[in-house]
Amino acid sequence: MTLGSAMAMWILASFGYTVAPFHLLIAFIFALFLGYLAYRTNIADISAVLSATLMGVLIIVFSNILWFVLLLTFFILGGVFTKYKYNYKLDLGIAQEKGGVRTYENVFSNSTAALVLAIACGIYPQHSNLITYAFLGTVATAAGDTLASEIGTTARQSPRMITNLKPTKTGTDGAVTSLGELAAFGGALAIGILGAAFGFVEQIIPAILITCAGGWGGTNIDSLLGATFQKNGYLSNSGVNFVATAIGALISGILYILVL
């Protein structure tokens, strides 16, 4: 935690970003408290709590608390739906390890793009609208992908490869189902609605649609990367998640430029 705090201070100093010590302290306490709650409810382990606290401080300082709360919503959704039909997924050998408890790898692979965007929002406030839509897209991708995996793998129908639509085994990297696609859309929609409810955007309907497009598109990019780069050993699962969330942000950002 000491190293993480020093890193946070270094990032702030590197960008010449000044923060009142009291504001920094409140951000730290708030992020740590929410992380502790996640630990106590078996959503995250200690490594995830410490990682999320560091990220939370930076996100809160460079943007605001609601950005961090929205990101935490993804982890809560993931924690809840990981336990959905967990024994069934365990029997198939596709359940998350440790009962679905999130680790630092889950935090960094799914949240790094969001962290970069939060920092960018603080440094380039003149582009805050564009960055906000990109942020919604990256969180929607993370949520959509998690729900697609945790719910889609319980589908009764045989999954199909996203690359050629041939039937494949449940849990195969790049496998998709209709239920999983619906779950991905639902996860992205939830983030879009929450983003609008939190006051992230002024144009509510376009924002929700753009967030859904970014999240659903990013989720399917995740499946495509899993079927190709991950299958061939070029990317790990964490690497796939990072790239997909970045692309989800890119999709929403481009749509914002084109539509709004």
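Since every read-out is calculated from the coordinates, none of them should be taken as a lab result. This one's a predicted model, so the numbers in the text were calculated from it and none came from an experiment. Virtual Cβ from ideal backbone geometry, glycine too; neighbours counted across all protein chains shown.
To the nearest 10 degrees, how steep is helix 46-62 against the longest Cα principal axis of the chain, on a 0 to 90 scale?
It is inclined by approximately 50 degrees.
Relative to the longest principal axis of the C-alpha atoms of the chain, give the angle of the C-alpha long axis of helix 104-123, reported between 0 and 90° and rounded to the nearest 10°.
Rounded to the nearest ten degrees, it is 40.
How would segment 142-215 be classified by its alpha-carbon gyration tensor: rounded, prolate or oblate, with rounded meaning a/c under 1.5 and the a/b versus b/c comparison settling the rest?
It comes out prolate by the Cα gyration axes.
I need to check one value: relative contact order of the chain, counting alpha carbon pairs closer than 8 Å and at least 6 residues apart, in percent.
19
By its C-alpha gyration tensor, with a ≥ b ≥ c as the square roots of the eigenvalues, how is segment 37-162 shaped: rounded for a/c under 1.5, else prolate for a/b larger than b/c, else oblate?
It is oblate, given that a/c is not under 1.5 and a/b is not larger than b/c.
Show the residues, 5+ positions off or on another chain, whose built amide H is closer than 5 Å to the amide H of Ala44.
Sorted by chain and number, the residues that satisfy this are Tyr39, Arg102.
How many lysine pairs does the chain hold where the Cα atoms are under 25 Å apart and the two sit 8 or more places apart or on different chains?
For the chain, qualifying lysine pairs total 12.
Could you please rank Glu150, Glu105, placing first whichever residue has the fewest other Cβ atoms within 10 Å of its Cβ?
Glu105, Glu150
Would you mind ranking Asp222, Asp145, Asp173 so that the residue whose beta carbon has the fewest other beta carbons within 10 Å leads the list?
Asp173, Asp222, Asp145
Each residue of segment 151-163 in turn: what ³J(HN,Hα) in whole Hz from Karplus with 6.51, -1.76, 1.60 and θ = phi - 60°, glycine and Pro shown as x?
So the Karplus estimates, Gly and Pro as x, are 9, x, 6, 9, 5, 6, 6, 6, x, 10, 5, 5, 7 Hz.
Determine the distance separating the Cα centre of segment 150-210 from the Cα centre of segment 35-90; give it in Å without decimals.
So the two Cα centres are separated by 19 Å.
How tilted is helix 237-259 with respect to the longest principal axis of the chain? Cα atoms for both, answer in degrees (0 to 90, nearest 10).
70
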